There are 2 protein chains.
Amino acid sequence: MPRLAAGDRREALVEAALRVMGRDGLAAGTTRAVVAEAGMSLASFHYVFASRDELLAELVRRVVGRELATATAALDAAAIDPAAGPADCLRAAARGYLGHLEADPGAEQLMLELTLHAVREPDLRPVAREQYRAYAAAAAALLERAAARTGARWRGPLAEPARVLVTLVDGATTTWLVDRDTAATRATLDAAVDLLVARYAVVPA
Amino acid sequence: MPRLAAGDRREALVEAALRVMGRDGLAAGTTRAVVAEAGMSLASFHYVFASRDELLAELVRRVVGRELATATAALDAAAIDPAAGPADCLRAAARGYLGHLEADPGAEQLMLELTLHAVREPDLRPVAREQYRAYAAAAAALLERAAARTGARWRGPLAEPARVLVTLVDGATTTWLVDRDTAATRATLDAAVDLLVARYAVVPA
DNA sequence: GTCTATATGCAGATAGAC
DNA sequence: GTCTATCTGCATATAGAC
């Protein structure tokens, strides 16, 4: 193995962990499985990470960052049609998410597993809180953007509908992972979006 | 230890597992930890359960049964006020659930951990599906009862709003477990109930 | 920086005496 | 039916040569 900078090695290990744990679950992502996937030795792992939990914390931060980037990109793409209303934008974003979930279910399941694990571990709890603060902020940004692009506006503070949105995506993910009923999940999200817009948005005539 | 019938021993082990895993998580619920909690020897475990997964399957079935009983009881209690509408009933049921979640967060977290674990294990996948079928049926029964008690009725098949309800409760649970913000979760559920009723219910004047 | 080899401990499951 | 003792394997983490 060539000599790698510590940062590059951390990066490679995070990517390997994502592959292994996405495929077989958080519990299957042992340090040994991760280094095998990365083609490294076990000692190299502990050279750049003090512990497995330190890897998990970095994993969450990295994936959340990636998700946020994907979400804003999807939203921008959805708001191109000038005749679209905020409900159309949000529906398109929801479908985008659902497509991503279908394409790589393991990744989203892993995030849920990580969240539940982090909540149990005192050292990782702050990471989970940060993760959900980021989700809420992203949801608020999504709502704001959907309104701005369609000339609508939202009643009251964004925090409430943003939290409803996060709750819905979380719940829809869990439910879909169990029954894999994409049509039903799409219907649920579509209905939820309509409800959200009906209650919180002011759409110009 | 006295000689116990196999059935009684299974029951005792399931209860012990619920305590240990509710407290410290699914991963901490090793066979050894469970038998220690139950005050039994390790061999007794394998005398009545072929494997740990068999215990987990029975665990899910038992808790789901208990949850369904609690949910219907709470609904009946909520529908006593003759002036209540379906939204009032559902709000009361949501608050009842939230109270239960606050009183014993570990139990609900454990159910989520079990669901995600079951989805990964081929042998347990059918258990998870059964669990969510039961949730959906319970949600439909809840909606039906809320309508019947208040003279309202639902538009279209119950399956769609029932799925929305399950999704919401799932998502609200995850979100609450992370930030423990009861007020925000209550607001989310209240808003969601209003939305649900506005879209799906026909309330008599 | 990178490796092999190892320390240490706990997991699920079983053997076999009583 | 119930127990102690044990088999077997894998976990995280570290020591120390190169």
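The values are calculated or read from the model by the stated rules, or taken from the named source; none is laboratory data. Keep in mind it's a predicted model, so treat the numbers as computed, not measured. So basically every Cβ, Gly included, is an ideal-geometry build from the backbone, and we count neighbours across all protein chains shown. Ligands, DNA and RNA are stripped out before the accessible areas are found, and what is left, the full protein with its side chains, is counted by its heavy atoms. Shrake-Rupley method; radii C 1.70, N 1.55, O 1.52, S 1.80 Å.
Distance in nm between label sites at A:ALA159 and A:ALA83, each 7 Å beyond Cα in the beta-carbon direction?
In this crude label model, A:ALA159 to A:ALA83 measures out at 3.9 nm.
Probe radius 1.4 Å, ligands and nucleic acids ignored: give me the carbon and sulfur share of the accessible area of the protein assembly as shown as a rounded percent.
57
Total accessible area buried between chains B and A, 1.4 Å probe, in Å² to the nearest 100?
That pair of chains buries around 3600 Å² in total.
Could you state the accessible area per residue of chain B in Å², with a 1.4 Å probe and every protein chain left in place?
It amounts to 45 Å² per residue over chain B.
Applying 1/(1 + (r/R0)^6) with R0 = 22 Å to the Cβ-Cβ distance of B:THR70 and B:ALA148, what FRET efficiency is obtained, to the nearest 0.05?
So the FRET efficiency works out to roughly 0.65.
In deg cm²/dmol, rounded to 500, what helix-only [θ] at 222 nm does chain A give when every DSSP H run of at least 4 residues adds -39500 (n - 2.57) and the total is split over its residues?
Calculated at 222 nm, the ellipticity per residue is -26500 deg cm²/dmol.
Go through region A:160-179 and flag every residue whose accessible area shrinks by 20 Å² or more with all protein chains in place compared to the isolated chain (probe 1.4 Å).
Residues meeting the cut-off: A:GLU160, A:ARG163, A:VAL164, A:THR167, A:LEU168, A:ASP170, A:GLY171, A:THR174, A:THR175, A:LEU177, A:VAL178, A:ASP179.
For the protein assembly as shown, compute Rh as the Kirkwood radius over C-alpha pairs and then the Stokes-Einstein diffusion coefficient at 10 °C and 1.306 mPa s; write the answer in µm²/s, rounded to an integer.
Answer, rounded: 70 µm²/s.
What spacing in nm lies between the two simple spin-label points modelled at B:ALA205 and B:ALA27, each 7 Å away from Cα in the Cβ direction?
Between B:ALA205 and B:ALA27, the label points sit 5.9 nm apart.
Over all residues in A:114-127, what is the mean tally of Cβ atoms on other chains that come within 10 Å of each residue's Cβ?
3
What does the copy distance list look like for A:ARG199, label position 7 Å along Cα→Cβ, in nm and ordered from shortest?
Values, ascending and in nm: 1.0.
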